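Notes follow once the structure below has been shown.
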Amino acid sequence: MRKINIFCFGFGQVAKNFIKTLNAKNIDITLTVTSRENSGKKIYDGIKYDSFQFSENNFDKNLIKSLESSDHILVSIAPVNGEDIVVKNFENIFKVSKFKWLTYLSATSVYGDHKGEWVDEKSKTNPTSSTGSQRLKAERSWMELAKNQNLPIQIFRLSGIYSHESNVLKRLKSGEAKIIKKENQFFSRIHVEDIAELLFKSLDQFKAKEIYNVSDDRPASSEEVILYGSRLLNMEPPATIELKSIESEMVKNFYKDSKKVNNKKMKKIFDYKLKYPTYVEGLKNIHNNIV
């Protein structure tokens, strides 16, 4: 049986789905994670694991021993105040430990606005938001560390993640979903289960210091997706709102960017056929499995 000793910085929906995927493939997993909560022993998907407290200001020193003994690292913690807190706190450990696989989960917000045109991994990165700028800075800090220490790192630039727990159908039911009108507005998405499968694929098809866009095949406006979700739920779509009438700066910033994310490199390198190639298959599956 294959064995993996994995350390997850952050244990959100992507990390959990990845562990669940590994478990389903009968891999013997030694798991350690970090959380903002107090340290303790926990169970996920039948796997007993250690969870250590880690925040921008403090961390449980006991995690160092587990980190040093790990051979696989998944980093899904967002930058804090413009810094990657994993690099900031554990750079010296990454200099001496011998990891086999290290993945940093970034975001396609690093590309900024491309006026609805396609972007690939060679496209200009010109983030328009503070989160995009911080992600790009974090990517560069990891790549610099990898270059200096010969770390086996890959970067996954994730498009908008949706899942059974977080999706437009839930937002429609709660009344949170809004159609915001803006011409030539494209967003790309990816189902969390496809991210998990790609992470698994990358264990054996790993190339150091590579960057991959992780996205499905069909960029679409949020209006298109909301209208489809409304039809699935057999409900009236929400009213259309003009962008200029929105007061939330966060929402306005979100709509600054319009781009279509190219996923050809991801599919070619990992020889991967998407489980949910578009939002149609993804939302249908979520809708058909609502408990």
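Quick check on segment 1-46: of everything there that is aliphatic (A, V, I, L, M) and within 26 Å of Asn58 (Cα to Cα), which residue is most open to solvent (accessible area, probe 1.4 Å)?
Keep residues of segment 1-46 that are aliphatic (A, V, I, L, M), which gives 1, 4, 6, 14-15, 19, 22, 24, 27, 29, 31, 33, 43.
Subset that is within 26 Å of Asn58 (Cα to Cα): 6, 14-15, 19, 31, 33, 43.
Working: Ile6: 2, Val14: 14, Ala15: 1, Ile19: 0, Leu31: 7, Val33: 2, Ile43: 115 Å².
This residue is Ile43.
If a residue must be surrounded by 14 or more Cβ atoms within 10 Å (Cβ to Cβ) and at pLDDT 95 or above, how many such residues does segment 228-238 contain? Looking only at that region, the number is 5. Does segment 208-216 contain any residue that is touching a Leu at 6+ places or on another chain (Cβ under 6 Å), more than 26 Å from Lys173 (Cα to Cα) and open to solvent by less than 50 Å² (accessible area, probe 1.4 Å)? So far as segment 208-216 goes, yes, one or more of its residues are touching a Leu at 6+ places or on another chain (Cβ under 6 Å), more than 26 Å from Lys173 (Cα to Cα) and open to solvent by less than 50 Å² (accessible area, probe 1.4 Å).
Results for (1) over 17 Å from Ser202 (Cα atoms); (2) touching a Leu at 6+ places or on another chain (Cβ under 8 Å), shown as yes or no for each residue.
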position	(1), (2)
Arg2	no, no
Phe9	yes, yes
Gln13	yes, no
Asn17	no, no
Ala24	no, no
Gly40	yes, no
Ile47	yes, yes
Gln53	yes, no
Lys61	yes, no
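Within segment 221-275, the set of residues being free of Cβ contacts under 8 Å to residues at least 24 places away in the same chain and within 22 Å of Ala196 (Cβ to Cβ) comprises Lys267, Lys268, Lys273. Lys122: out of contact with any Cys (no Cβ under 9 Å at 6 or more places or on another chain), among the basic types (Lys, Arg) and closer than 30 Å to Lys65 by Cα, yes or no? Considered against the rule, which asks whether it is out of contact with any Cys (no Cβ under 9 Å at 6 or more places or on another chain), among the basic types (Lys, Arg) and closer than 30 Å to Lys65 by Cα, Lys122 comes out as no.
Can you work out which of the residues in segment 47-74 that are of a type in the set (Lys, Arg) and under 17 Å from Val86 (Cβ atoms) is most open to solvent (accessible area, probe 1.4 Å)? Break it down into steps so the answer makes sense when it comes.
At the first step, the residues of segment 47-74 found to be of a type in the set (Lys, Arg) are 48, 61, 65.
Still in the list and also under 17 Å from Val86 (Cβ atoms): 61, 65.
Details: Lys61: 125, Lys65: 162 Å².
Among residues in segment 47-74 that are of a type in the set (Lys, Arg) and under 17 Å from Val86 (Cβ atoms), the one most open to solvent (accessible area, probe 1.4 Å) is Lys65.
Kindly state which helices (runs of 4 or more DSSP H) lie completely within segment 166-276 and contain at least 2 residues that are within 30 Å of Met143 (Cα to Cα). In segment 166-276, 192-204, 249-254, 264-269 are the helices (runs of 4 or more DSSP H) which contain 2 or more residues that are within 30 Å of Met143 (Cα to Cα).
Which fully enclosed strands (runs of 3 or more DSSP E) of segment 30-116 have 3 or more residues being within 17 Å of Pro152 (Cβ to Cβ), out of contact with any strand residue (DSSP E or B) (no Cβ under 6 Å at 6 or more places or on another chain) and touching a residue at least 12 places away in the same chain (Cβ under 8 Å)?
Numbers: elements: 40-44, 47-53, 72-75, 101-107.
Those strands (runs of 3 or more DSSP E) do not exist here; none qualify.
Going residue by residue through segment 239-247, is there one that turns out to be farther than 22 Å from Asp113 by Cβ, open to solvent by 30 Å² or more (accessible area, probe 1.4 Å) and modelled with pLDDT of 95 or more? For segment 239-247, residues farther than 22 Å from Asp113 by Cβ, open to solvent by 30 Å² or more (accessible area, probe 1.4 Å) and modelled with pLDDT of 95 or more: absent.
The values are calculated or read from the model by the stated rules, or taken from the named source; none is laboratory data. Model, not experiment: these values are computed from the prediction. Reconstructed Cβ throughout: ideal geometry from the backbone, glycine too, with neighbour counts over all protein chains shown. Note: accessible area is taken over every heavy atom of the protein model, side chains too, but ligands, DNA and RNA are not part of it. Shrake-Rupley method; radii C 1.70, N 1.55, O 1.52, S 1.80 Å.
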